[in-house]
1. Take the residues in the range 82-106 that are within 19 Å of residue 62 (Cα to Cα) and among the hydrophobic types (A, V, I, L, M, F, W, C); name whichever of them is modelled with the lowest pLDDT.
2. Pairs under 7 Å by beta carbon, first residue under 17 Å from residue 90 (Cβ atoms) in the range 36-60, partner open to solvent by 80 Å² or more (accessible area, probe 1.4 Å), six or more apart or different chains?
3. Give me the pairs: first residue in the range 13-27 and modelled with pLDDT under 95 and open to solvent by 70 Å² or more (accessible area, probe 1.4 Å), second residue of a type outside the set (D, E, K, R) and assigned to a loop (DSSP other than H, G, I, E, B), beta-carbon distance under 8 Å, and six or more apart or on different chains, which are they?
4. So is residue 54 within 22 Å of residue 28 (Cβ to Cβ) and either basic (Lys, Arg) or open to solvent by less than 40 Å² (accessible area, probe 1.4 Å) (or both) or not?
5. Regarding the range 65-72, can at least one residue be identified that is surrounded by 18 or more Cβ atoms within 10 Å (Cβ to Cβ) and more than 15 Å from residue 137 (Cβ to Cβ)?
6. With the structure loaded, tell me whether residue 53 is over 16 Å from residue 19 (Cα atoms), under 13 Å from the mean Cα position of the chain (by Cα) and not hydrophobic (A, V, I, L, M, F, W, C) or whether it fails that test.
7. Would the range 32-53 turn up any residue that is under 20 Å from residue 133 (Cβ atoms) and among the β-branched types (Val, Ile, Thr)?
8. Could you look through the range 91-106, keep only residues that are touching a residue at least 12 places away in the same chain (Cβ under 8 Å) and not aliphatic (A, V, I, L, M), and pick out the one that is most open to solvent (accessible area, probe 1.4 Å)?
Amino acid sequence: MKQSPPPAKTAPKPVIGLTQKRGAWVAKPTDRRSAAVLGFEQIPVMRDFDDGEWTWGGKTVTYRVDMETTTDGRWWLKPEHEGWRELLREGAPLWVRKAKAASVAEPTGSVGRSIGVFATSSVEIDEDGMSLSLTERLATVK
């Protein structure tokens, strides 16, 4: 009886270097190789606060925030974030970080550890809200 070949192993995702200035919503590759992997000189950054806006699991991860669920107003439309929105709309990879909200114990919160760099799709940004999907992990951040 002929045996089936073992399942194909997926190649490990590249490990890249990124740097993000405090308060900035964009990150830059730390070297040429990382920039080549990303295909962009800067990429947008988003954080997961474990507040239900991210839905993890399955093949596609989704993000959704709207005026009914946010306590921060239309943060996604602030003029100072125009470059960040443009990168998302252009299809730049997205760096997602696990974050901690500010609290009495930690007044400044934390941008947190890296979850990964992902390809996005279905990016929608308008007056009512913002949504997107993560379709593939592209890299791990060192």
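The values are calculated or read from the model by the stated rules, or taken from the named source; none is laboratory data. What you see is a predicted model, and the numbers here were worked out from it, not measured in a lab. Cβ placement follows ideal geometry from the backbone for every residue including glycine, while neighbour counts extend to all protein chains displayed. We work out accessible area using only protein heavy atoms, side chains counted, and drop any ligands, DNA or RNA first. Shrake-Rupley method; radii C 1.70, N 1.55, O 1.52, S 1.80 Å.
1. Once the filter is applied, the top-ranked residue is 99.
2. Listed pairs, sorted by first residue: 41/28; 42/28.
3. Hits for this filter: 22/111.
4. On the way: within 22 Å of residue 28 (Cβ to Cβ): no; either basic (Lys, Arg) or open to solvent by less than 40 Å² (accessible area, probe 1.4 Å) (or both): yes.
Judged against the criteria, residue 54 is not a match.
5. Yes, the range 65-72 contains a residue that is surrounded by 18 or more Cβ atoms within 10 Å (Cβ to Cβ) and more than 15 Å from residue 137 (Cβ to Cβ).
6. Values: over 16 Å from residue 19 (Cα atoms): yes; under 13 Å from the mean Cα position of the chain (by Cα): yes; not hydrophobic (A, V, I, L, M, F, W, C): yes.
Judged against the criteria, residue 53 is a match.
7. Just the residues of the range 32-53 that are under 20 Å from residue 133 (Cβ atoms), to begin with: 38-40, 43-53.
Then keep just the ones that are among the β-branched types (Val, Ile, Thr); that gives 43, 45.
The answer is yes; a qualifying residue exists.
8. 100
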